[in-house]
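**Student:** Take a look at the following structure, please.
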Amino acid sequence: MGAALTGGVKTTARQAVIVSSLSVVYLLLSIVLVGFKSDQLVLIGIFNLLFYVSAITRKFVVGFSIFIVYWIVFDYMKAFPNYNFHAVHIADLYNFEKNLFGIHSHGKVITPNEYWRANGSNFLDIIGGIFYLCWIPVPLAFAAYLFFKNREQFLYFSLTFVLVNFLGFIVYYLYPAAPPWYVQLHGFNFQPGTHSNPAGLVRFDNYFHVGIFKSIYSKGSNVFAAMPSLHSSYPVIVLYYGLKNRLGFINIIFALVMAGIWFTAVYASHHYIIDVIAGIICAACGITLFNIILKRVKFFKRFIVYYNENIQ
């Protein structure tokens, strides 16, 4: 079959069929697994628009499809709750945190989450909310920078990001874990189907009279996925590749954002300190594993050459 010229970029019939088929399959599978949502049509629309409009946008969206796959898998986790596979850790995780990092307050030992819940401030609510809003925009913005600056590093960063997420997802299913806010609201009793909650981040929403975090957490895939804290993993990956690419002062900003997200995860009762530590370890393991694969698997080098020469 011949080729068609669409939006200034040559598109073969085969490419058009593949993109259209993937779009339809994604929509139908999503409806079956998690139900229809307008977000699905938005994602399909953006992907198709960028694929057809120009050569650079096509290369961009194909590269960013790595992140799209991550988001789709994350969304589909709603259809397969991890508590259906293993028992949820609630009291044991809470007590472990208290034994390791417990704080003596008014004659009793409490967790750091409980301490900050009782000793928070508007300043920390605002700063913490700002830091936590960075957990996805910063990695995506950094990925966009690498896409235009260093295509090879862009692919390495993107693949590492997804690998770390998949390692985290595996742990989620092997070790379902309740977040601190769950204990604060429901105690140690397991309640399947509990909806996600913005927890301490709601104070940011209330202060500014907005619903940012309420909206974000209404889309949560699984309440019992606190260990490891992937929120804590992402800035580690960003800083690692920032250092590799010698970004200078920007790396200081990355480090501050990283520390801010780690603190806010605990301050806002979304994670225990041990969840944060597990997230850091997960990032380190993913980075190490990717570097090992990169050295031993020739496919990645061939894929990068193909991506740069043929995705247009």
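**Student:** Just the residues that are open to solvent by less than 30 Å² (accessible area, probe 1.4 Å) and hydroxyl-bearing (Ser, Thr, Tyr), please, taken from region 218-230.
**Tutor:** SER221, SER229
**Student:** Specify which of the listed residues (VAL236, VAL266) is closer than 19 Å to PHE67 by Cβ and in a helix (DSSP H, G or I). Step through it out loud before you land on a result.
**Tutor:** On the way: VAL266 fails: closer than 19 Å to PHE67 by Cβ.
After ruling out the rest, the residue left standing is VAL236.
**Student:** Now for a different question. For region 97-126, how many residues meet the condition of being farther than 25 Å from VAL202 by Cβ and either touching a strand residue (DSSP E or B) at 6+ places or on another chain (Cβ under 9 Å) or crowded, with 16+ Cβ neighbours inside 10 Å (or both)?
**Tutor:** 4
**Student:** Hey, does region 274-285 have a residue that's more than 23 Å from ASN99 (Cα to Cα), out of contact with any helix residue (DSSP H, G or I) (no Cβ under 8 Å at 6 or more places or on another chain) and open to solvent by less than 50 Å² (accessible area, probe 1.4 Å)? Walk me through it before giving the result.
**Tutor:** Step one: of region 274-285, the residues more than 23 Å from ASN99 (Cα to Cα) are 283-285.
Within this subset, residues satisfying the condition of being out of contact with any helix residue (DSSP H, G or I) (no Cβ under 8 Å at 6 or more places or on another chain) are none.
No; the residues of region 274-285 include none that is more than 23 Å from ASN99 (Cα to Cα), out of contact with any helix residue (DSSP H, G or I) (no Cβ under 8 Å at 6 or more places or on another chain) and open to solvent by less than 50 Å² (accessible area, probe 1.4 Å).
**Student:** Would you mention how many residues in region 181-198 are at positive phi and open to solvent by less than 40 Å² (accessible area, probe 1.4 Å)?
**Tutor:** Applying the first criterion (at positive phi) to region 181-198 yields 187, 193.
Add one more test, that the residue is open to solvent by less than 40 Å² (accessible area, probe 1.4 Å), and what stays is 187.
Residues in region 181-198 being at positive phi and open to solvent by less than 40 Å² (accessible area, probe 1.4 Å): 1 in total.
**Student:** Here's a follow-up. State whether one or more residues within region 114-131 are among the acidic types (Asp, Glu) and touching a Gly at 6+ places or on another chain (Cβ under 9 Å). Spell out the reasoning first.
**Tutor:** Kept after step one, since they are among the acidic types (Asp, Glu), are these residues of region 114-131: 114, 125.
Pick out the ones that are also touching a Gly at 6+ places or on another chain (Cβ under 9 Å) and you get 125.
Among the residues of region 114-131, at least one is among the acidic types (Asp, Glu) and touching a Gly at 6+ places or on another chain (Cβ under 9 Å), which makes the answer yes.
**Student:** For region 65-96, which positions are surrounded by fewer than 15 Cβ atoms within 10 Å (Cβ to Cβ), among the aliphatic types (A, V, I, L, M) and more than 30 Å from ASN48 (Cβ to Cβ)?
**Tutor:** ALA87, ALA91
**Student:** Is it the case, given these coordinates, that GLY129 is at pLDDT 95 or above, touching a strand residue (DSSP E or B) at 6+ places or on another chain (Cβ under 9 Å), surrounded by 12 or more Cβ atoms within 10 Å (Cβ to Cβ) and not β-branched (Val, Ile, Thr)?
**Tutor:** no
**Student:** Would you check if HIS231 is assigned to a loop (DSSP other than H, G, I, E, B), touching a residue at least 24 places away in the same chain (Cβ under 8 Å) and closer than 15 Å to LEU133 by Cα? Step through it out loud before you land on a result.
**Tutor:** Details: assigned to a loop (DSSP other than H, G, I, E, B): no; touching a residue at least 24 places away in the same chain (Cβ under 8 Å): yes; closer than 15 Å to LEU133 by Cα: yes.
No, not satisfied.
**Student:** Sticking with this structure for a sec: What number of residues within region 143-180 satisfy the criterion of being open to solvent by less than 10 Å² (accessible area, probe 1.4 Å) and either among the hydrophobic types (A, V, I, L, M, F, W, C) or within 29 Å of LEU93 (Cα to Cα) (or both)?
**Tutor:** Total satisfying the criteria: 16.
**Student:** Next question. Since PHE300 meets every condition but one in (1) surrounded by fewer than 18 Cβ atoms within 10 Å (Cβ to Cβ); (2) modelled with pLDDT under 95; (3) over 18 Å from VAL164 (Cα atoms), which condition does it not meet?
**Tutor:** Going through the list (1) surrounded by fewer than 18 Cβ atoms within 10 Å (Cβ to Cβ); (2) modelled with pLDDT under 95; (3) over 18 Å from VAL164 (Cα atoms), PHE300 breaks only (3).
**Student:** If you don't mind, there's one more thing I want to ask. Would you kindly identify the helices (runs of 4 or more DSSP H) lying entirely within region 89-156 that contain at least 2 residues that are within 23 Å of the chain's Cα centre (by Cα) and over 30 Å from ILE293 (Cα atoms)? Even if it seems obvious, please write down each step before you answer.
**Tutor:** On the way: elements: 91-101, 112-118, 122-132, 137-149.
Result: 122-132.
**Student:** Next question. State whether one or more residues within region 73-91 are touching a residue at least 60 places away in the same chain (Cβ under 8 Å) and over 18 Å from ILE170 (Cα atoms).
**Tutor:** Yes - at least one qualifying residue is present in region 73-91.
**Student:** Something else: Output the qualifying pairs, or none if there are none: Cβ atoms under 8 angstrom, residues six or more apart or on different chains, first residue in region 41-56 and free of Cβ contacts under 8 Å to residues at least 12 places away in the same chain, second residue among the acidic types (Asp, Glu) and surrounded by 15 or more Cβ atoms within 10 Å (Cβ to Cβ).
**Tutor:** none
**Student:** If you don't mind, another one. For the structure I just gave you, tell me whether ILE110 is touching a Gly at 6+ places or on another chain (Cβ under 7 Å) and modelled with pLDDT of 95 or more.
**Tutor:** yes
**Student:** Identify, by number, the condition in (1) under 19 Å from HIS195 (Cβ atoms); (2) open to solvent by 30 Å² or more (accessible area, probe 1.4 Å) that ILE56 doesn't meet.
**Tutor:** (1)
The values are calculated or read from the model by the stated rules, or taken from the named source; none is laboratory data. Because the structure is predicted, anything quoted here is derived from the model rather than measured. Heads up, the Cβs are rebuilt from the backbone with ideal geometry, glycines too, and the neighbour counts pull from every protein chain shown. Areas reflect the complete protein model, heavy atoms only, side chains present, ligands, DNA and RNA absent. Shrake-Rupley method; radii C 1.70, N 1.55, O 1.52, S 1.80 Å.
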